């Protein structure tokens, strides 16, 4: 049954309810203003006895099994055609929509948030970039975080996993996807074996992958798979957020922006920089205590950045 029936007065909600229940709106009387069919008219019709029709025969699967959800109504049913511009999905955006829907529907997410102390890492970055200036190189806080994540994954390998139905795959290396925002979507190119690469190599590889992603020159092997992902929105002023897991991975770290946190230390007020990160975990493969140990390990590497070079 189509949601749009010319000349028929019915609210968008009533049209949607009628479609899901197999009701013919032309057979109903509306109790709303000017005879408009509204929600209570649909509810009354559902309580009344009605004959079995071919449309109703197609409905019982979802009704009998609550686990099978009916599809959402097409958003166009709620708006006048002249009130919006329609932008067709390209292949990448359609693939992203499918993958994220599968992830949120099929992976039981849970979230852990921690504030990381950043002053030591920022000072370390400053010293490194000063030394690299003559070579025309520069590293970012995100590069350092990716290295810290890799070492934390080696320290807590229970997070460096994939759920495979009847088994959990524990990966040998930290192959980390770094989210890159493009004009027409989001892609997560993978920096392989970050646990074995120095910071300069990680920084150069992230830069190269991001450039080739923008030009759509990545090979599938460079953005499929991986064992973990990092998504950083701190540069956009976002303080904290949660990210959707990128299957077949079992976790992703959402990185917020820098903020100042004041506290008393020996009766002296001091201000420190911190960064809030949120770990999204697949509860089928990772438990809360394991996720907490991973964040504690990452915090230790951030607080003692010399360890990142070892």
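Rounding to the nearest 10 and keeping the result within 0 to 90°, find how far the Cα-based axis of helix 199-214 lies from the longest principal axis of the chain.
30
When you have a sec, figure out the Kirkwood radius of the chain from all distinct Cα pair distances and drop it here in Å to one decimal? Write down the numbers at each step before the final one.
Values: mean 1/r = 0.0433 Å⁻¹.
Evaluated over the chain, this radius sits at 23.1 Å.
Which shape class applies to the stretch 75-129: rounded if a/c is under 1.5, otherwise prolate when a/b exceeds b/c and oblate if not, where a ≥ b ≥ c are the square roots of the Cα gyration tensor eigenvalues?
Cα axes put the stretch 75-129 in the prolate bin.
With label points built 7 Å along Cα→Cβ from the Cα atoms of residue 170 and residue 39, find their separation and express it in nm.
Inter-label distance under the simple model: 5.1 nm.
What number, in percent, do you get for the relative contact order of the chain if the mean sequence gap of Cα pairs under 8 Å and at least 6 apart is divided by its residue count?
Relative contact order for the chain comes out at 20 percent.
Based on DSSP H runs of at least 4 residues, each adding -39500 (n - 2.57), what is the mean residue ellipticity at 222 nm of the chain after dividing by all its residues, to the nearest 500 deg cm²/dmol?
Result for the chain, helices only: -10500 deg cm²/dmol.
Please determine, in degrees from 0 to 90 and to the nearest 10, the orientation of helix 119-132 with respect to the longest principal axis defined by the Cα atoms of the chain, where the helix direction is its Cα long axis.
70
For helix 288-303, what angle does its Cα long axis make with the longest principal axis of the chain, in degrees from 0 to 90 and rounded to 10?
Computed tilt is about 40 degrees.
State, as an integer percentage, the relative contact order of the stretch 119-232 based on alpha-carbon contacts under 8 Å between residues 6 or more apart.
27
We did not get these values from a lab; they are worked out from the coordinates using the rules stated. Computed from a predicted model, the values in this text were never measured in an experiment. Cβ atoms come from the backbone with ideal geometry, glycine included; neighbour counts cover every protein chain shown.
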